[in-house]
1. Return one number: the angle in degrees, 0 to 90 and rounded to the nearest 10, between the long axis of the Cα atoms of helix 29-43 and the longest principal axis of the Cα atoms of the chain.
2. Out of the chymotrypsin sites (Phe, Trp or Tyr not before Pro) in region 1-63, which ones are loop residues according to DSSP with at most 11 other C-beta atoms within 10 Å?
3. For every helix of n ≥ 4 consecutive DSSP H residues, a contribution of -39,500 (n - 2.57) applies; sum these over the chain, divide by its total residues, and give [θ] at 222 nm rounded to the nearest 500 deg cm²/dmol.
4. Filter the trypsin sites (Lys or Arg not before Pro) in the chain down to the DSSP loop ones having no more than 11 other Cβ atoms within 10 Å, then list what survives.
5. How much length would be gained if the chain were fully extended between D88 and V74, taking 0.36 nm per residue of separation minus their Cα-Cα distance, in nm to one decimal?
6. Give the aspartates and glutamates whose C-alpha is closer than 19 Å to that of K2, dropping any in the same chain fewer than 8 places away, or say none.
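Read-outs throughout are calculated quantities, based only on the coordinates presented, and are distinct from any laboratory measurement. Just so we're clear, the structure is a prediction, and the values are computed from it rather than from any experiment. Note that each Cβ is placed from the backbone with ideal geometry, even for glycine, and that neighbours are counted across all protein chains shown.
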Amino acid sequence: MKTATLSIRIDPEVKAEAERTFAPLGLTIADAINIFLHKANLEGGLPFSVRQPRYGATTEAAMREADDIVAGRVSAKRYVSFDDLVADLDSED
């Protein structure tokens with residue numbers, strides 16, 4: 001059987017984690033990629049759903065607030081120093 005070479009760039013930490021994930025299954029990364037590509041061909045696309053992660057209500061509210069601050073719709077507290085920030089956070093307890 002003829003083979004083709006595929007060269008990809010990937011974060012070294014992601015690669016190492018993938019190797020640790022597949023090794024107990026007796027698979028190399030090349031094996032896993034081959035399985036992925038075969039499955040994608042059978043499915044006619046990605047063999048899993050791709051969607052935006054869902055966050056909890058608190059996280060989503062914080063993200064909206066951050067967007068509002070960046071857009072200038074909401075003003076944010078400003079601190080002269082890190083110590084002032086920590087003091088303000090401590091005073092909220």
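1. With both axes taken from Cα atoms, the answer is about 90 degrees.
2. When the chymotrypsin sites (Phe, Trp or Tyr not before Pro) of region 1-63 are filtered for loop state and at most 11 Cβ neighbours within 10 Å, F48, Y55 remain.
3. On the way: 4 runs with 51 residues, N = 93.
Only helices count here, giving -17500 deg cm²/dmol.
4. Taking the chain and a limit of 11 other Cβ atoms within 10 Å, the loop trypsin sites (Lys or Arg not before Pro) found are K2, R9, R51, R54, R73, K77, R78.
5. Stretched out fully, the D88 to V74 stretch lengthens by 3.1 nm.
6. Hits, sequence-local ones excluded: D31.
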